[in-house]
Amino acid sequence: MTGKVYIVGAGPGDIELITLKGLRAIKEADVILYDRLINPELLSYSKEGAEHIFCGKLPNRHAMIQEQIHESLLKYAREGKVVTRLKGGDPFVFGRGAEEAEVLAKAHIPFEIVPGITSGIAAPAYAGIPVTHRELSSSFAIVTGHRQQGKDDDLKWGALAQLDTLAIYMGVQNLPYILNQLNKFGKNPKTPVALIHWGTYAHQQTVTGTLETIEETVKEQEIKNPSMIVVGEVVSLRNKIAWFEEAKRAVYV
């Protein structure tokens, strides 16, 4: 008998941000294939005897290449097992969940997609930055800051520079290029920018600046990936409504 695969968004890090359906898929799974950016505490909710398989990816170093992940999903499902593919954030937002779903559909393996809260919304929210605001931001885009080699030209930077708010995923390494493109296409150099490192985790760190100053700040503070880059006037609201890091500070006062 063929099993079933759940492709689950685990959310951005805070384990309480996973959906009830996502948590049920963890509890019911015989096999869990999980990514690097999920909170490992989520695995503690799996049933006794469930197999945990790490398939996380780092630049130029993968525990499993994507094709091996596909093969594993098919293998365990064909053995009649309930398989949960646990992915950080949302599986369809820069998560390759669609590719995995295509493979399962082609093989006629039953599957479900369980959406998750994506970091482009959650990390700014935990930093006190709304991605939309009635007075400051009526347009919002999510953008990958880490493209396949040779793919940068298809990012419509001219159009993106005209939007009110940008949430840019995994773009620290390409930050100089991103800033240059936004400046090139007319973004005001005084536009506020924030980088949120390990958003929603207890060790979240946020730095702010402008298009002119943020690159130097990031170097000084040694901000690395995973970080969310937020560009737009909404970043200025952090001065008023930063709640998460303020709450952490209050605990230690």
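Tell me which residues, restricted to the stretch 91-109, are touching a helix residue (DSSP H, G or I) at 6+ places or on another chain (Cβ under 8 Å) and not hydrophobic (A, V, I, L, M, F, W, C).
Answer for the stretch 91-109, where residues must be touching a helix residue (DSSP H, G or I) at 6+ places or on another chain (Cβ under 8 Å) and not hydrophobic (A, V, I, L, M, F, W, C): PRO91, ARG96, GLU99, GLU100.
How many of the residues making up the stretch 181-202 are surrounded by 14 or more Cβ atoms within 10 Å (Cβ to Cβ) and without any contact (Cβ under 8 Å) to a residue 40 or more places away in the chain?
Total satisfying the criteria: 5.
How about the stretch 112-128: which of its residues are buried (at least 19 other Cβ atoms within 10 Å of the Cβ) and more than 16 Å from the chain's Cα centre (by Cα)?
Selection gives GLY128 alone.
Based on what the data block shows, is LYS75 charged (D, E, K, R) and either surrounded by 18 or more Cβ atoms within 10 Å (Cβ to Cβ) or closer than 18 Å to GLY95 by Cβ (or both)?
Details: charged (D, E, K, R): yes; either surrounded by 18 or more Cβ atoms within 10 Å (Cβ to Cβ) or closer than 18 Å to GLY95 by Cβ (or both): no.
Spelling it out, it is not the case that LYS75 is charged (D, E, K, R) and either surrounded by 18 or more Cβ atoms within 10 Å (Cβ to Cβ) or closer than 18 Å to GLY95 by Cβ (or both).
Please enumerate the residues belonging to the stretch 117-141 that are touching a residue at least 24 places away in the same chain (Cβ under 8 Å) and out of contact with any Leu (no Cβ under 8 Å at 6 or more places or on another chain).
THR118, SER119, GLY120, ILE121, ALA123, PRO124, TYR126, ALA127, VAL131, THR132, SER137, SER138
Please go through the stretch 9-58 and give me each residue that is modelled with pLDDT under 95 and under 16 Å from LEU73 (Cα atoms), ordered by number.
CYS55, GLY56
Being under 26 Å from HIS108 (Cα atoms) and part of a strand (DSSP E or B), is that true of even one residue in the stretch 44-52?
Yes, because at least one residue in the stretch 44-52 is under 26 Å from HIS108 (Cα atoms) and part of a strand (DSSP E or B).
Quick check: is even one residue across the stretch 194-215 modelled with pLDDT of 95 or more, in a helix (DSSP H, G or I) and touching a helix residue (DSSP H, G or I) at 6+ places or on another chain (Cβ under 8 Å)?
Scanning the stretch 194-215 turns up at least one residue that is modelled with pLDDT of 95 or more, in a helix (DSSP H, G or I) and touching a helix residue (DSSP H, G or I) at 6+ places or on another chain (Cβ under 8 Å).
Name the residue, out of LYS87, LYS21, that is out of contact with any Ser or Thr (no Cβ under 7 Å at 6 or more places or on another chain) and surrounded by fewer than 18 Cβ atoms within 10 Å (Cβ to Cβ).
LYS21
Return only the number of the condition from (1) within 22 Å of the chain's Cα centre (by Cα); (2) in a helix (DSSP H, G or I); (3) more than 19 Å from HIS133 (Cα to Cα) that VAL235 does not satisfy.
Going through the list (1) within 22 Å of the chain's Cα centre (by Cα); (2) in a helix (DSSP H, G or I); (3) more than 19 Å from HIS133 (Cα to Cα), VAL235 breaks only (3).
The values are calculated or read from the model by the stated rules, or taken from the named source; none is laboratory data. Since we're looking at a predicted model, the values are computed, not measured. Methodologically, a virtual Cβ is constructed for each residue, glycine included, from the backbone with ideal geometry; neighbour enumeration extends over all protein chains shown.
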